[in-house]
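The values are calculated or read from the model by the stated rules, or taken from the named source; none is laboratory data. Source: prediction; values computed, not measured. As a convention, Cβ positions derive from the backbone with ideal geometry for all residues, glycine included, and neighbour counts pool all protein chains shown. With ligands, DNA and RNA removed, areas are computed over all heavy atoms of the protein, side chains included. Shrake-Rupley method; radii C 1.70, N 1.55, O 1.52, S 1.80 Å.
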Amino acid sequence: MKTCFINSPLGITKIVGDENGIAEISVTSEGVISEIIPTELQEAAAQLSDYFDGKRQDFNLKLNPKGTDFQQKVWQELLQIPFGKTISYLDLSKKLGDVKAIRAVASANGKNPLWIVVPCHRVIGTDGSLTGYAGGLWRKKWLLEHEKPSIQQSLF
């Protein structure tokens, strides 16, 4: 597995992967920005930079996250949440076919190893609150505001 660190508005972003795909993307406050990005990670670094620059709304990367079958199922469902939209943990549980699995769904959401690319930040509380986020609620708030469609103001 290769690793690189890139800068982002939310901290240092760690990208881990190989020829089989990207296994991990996380944010940290530690690490040294990579001078050379391994070939296997260059596309992920470029797409993340485009996302932060407001030039990208979705990702086209080969992903290879490690997790249980249930976690993989939750992460696949997270990929269906459109840019600029949110869903509640309850609604996510319903989409997965088991309302009673809300805690398991929330736990799998919290173990998502592919920060931003698998958009766990788009899952909120039923009451609209910003609940639980491994990267810190301030980052979740920033990401959701970053993805809000801008309101065109009339010039006249």
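List of remarks:
- Local charge for THR86 was computed over the other residues whose Cβ lies under 11 Å away, with Lys and Arg +1 and Asp and Glu -1, and equals +2.
- Computed E for GLN42/LYS111 - FRET, C-beta separation, R0 30 angstrom, nearest 0.05: 0.70
- The fraction of accessible area contributed by carbon and sulfur in segment 42-81 is 40 percent, rounded to a whole number (1.4 Å probe; ligands and nucleic acids excluded).
- Surrounding net charge for ILE15, when Lys and Arg each add one and Asp and Glu each subtract one, Cβ distance under 9 Å: +1
- DSSP bridge pairs, the chain: antiparallel proportion in percent, nearest 5: 80 percent
- Å² of accessible area per residue within segment 19-144, as computed with a 1.4 Å probe and no ligands counted: 55 Å²
- Gain in span if fully extended, LEU130 to PHE83, counting 0.36 nm per residue against the direct Cα distance: 15.3 nm
- For the pair THR28 and SER49 in one chain, pulling the backbone fully straight at 0.36 nm per residue adds 6.0 nm over the alpha carbon distance.
- Given charges at beta-carbon only (K, R positive; D, E negative), |dipole| of the chain in Debye: 540 debye
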